Amino acid sequence: MSYIYPLKNIYRMAKNNLKARLILYHRGNILLLRQKKNLGGNYTLVGGTVEGMEFAIHALIRETEEEAGILLKKKDLQLVHVLHKRTKNKEHRITLYFKANFWEGELKIGEPEKFKGVVWFSLNNLPANLSETVRHVLQEYRDGQMYSEFKNKGLEYLPKKKAAE
């Protein structure tokens, strides 16, 4: 039995976006960045978009230095989760989450136009204004799930219909 989508031309090749994020541990707590109010004001993980010809780990090392002022080493990073997210713009976003326990340097806000705080939180006591995506990923990670999927609220998919036989 085959299935088709009911509308022509709406399911063209979706744009793909690759990101890398950090779950940094220290004394049983994880590091979160507090976004400025004009960017949502939520807490989020360090990380960002893999640019140009970068590999994900190199992008994460770069983003961590830019956002939090610390240096990571490739050997200290372990892939712990992969998230496939559909965005409101009908894009596919794949985010690779790496865990680390070691770093060099002093934590500081490296991008004050985006963030207003660097804070440690227990996984058992996360802030109420943690982004939905990060809350989802941290729960999946704690449950031992290597892969998960997430869609923004209000993002509906068209149901598949049976093809005429």
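Each value in this text was obtained by applying a stated rule to the coordinates, not by laboratory testing. Remember, it's a predicted structure, so these values are computed and weren't measured experimentally. All Cβ positions, even for glycine, are placed from backbone atoms using ideal geometry, and neighbour counts span all protein chains on display.
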Express in nm, to one decimal, how much length is gained between MET146 and ILE94 on full extension, taking 0.36 nm for each residue of separation and deducting their alpha carbon distance.
17.4 nm
If you put +1 on each Lys and Arg Cβ and -1 on each Asp and Glu Cβ, how big is the dipole of the stretch 16-152 around its Cα centre, in Debye rounded to 20?
380 debye
Output row, site PHE102, 7 Å Cα→C-beta label point, backbone N cut-off 14 Å, window the stretch 53-71, residues 71
Ordered by fewest other Cβ atoms within 10 Å, a rough proxy for footprinting exposure, TRP120, TRP103 read TRP120, TRP103
